[in-house]
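Readers should treat all values here as calculations from the given coordinates under stated rules, not as data from a laboratory. Small disclaimer: the values here were computed from a predicted structure and weren't measured. Neighbour counts run over all protein chains shown; Cβ positions are idealised from the backbone, glycine included.
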Amino acid sequence: MQNWHDIDQTLLQTWMAGYVDIAPPNGESFQTLFNRCQDFWNDILTKPYQTIIIVTHLGVIRALLAYILEIGKNHCASKTIMAQSINSNTTLMRIRLG
C-alpha cells in the first residue's frame, strides 16, 4: 500500500483511463472483479435464502449494482454509483426478485 501522493502519476492516469481492463500493480482489473461478483450473485440466486447480508467494500458494491441494475461496467466509477466514506459506511439495499 502506498500513500496516494507517492503513486506514479503516469501509472495512475493509465489505470484510471482504462480501469475496466487494466489491473493496478498487485491488483485486479474491474472486469475481473465484476466477473467474480457476477458469479457470486448468480450463486446466491440458486440458494433458498430469504435475506442475505453482504459485508464488502465499495468496489464490490459498485460491481454488484452494475450487474444487477444492468448499467454497465464503464459507468461504475462515475457519478452513476456514488458513495463516500470517512471511516466507515453502511449501505442497505433491498432488492426484490421475481
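Quick look at the numbers
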| item | result |
| --- | --- |
| R0 of 30 Å, Cβ-Cβ distance Leu69-Asn3: FRET efficiency to nearest 0.05 | 0.30 |
| Pair Thr51, Leu11: separation of 7 Å Cα→Cβ label points (nm) | 4.4 |
| Whole-angstrom Cα spans of the range 32-75 along principal axes, big to small | 32, 18, 18 |
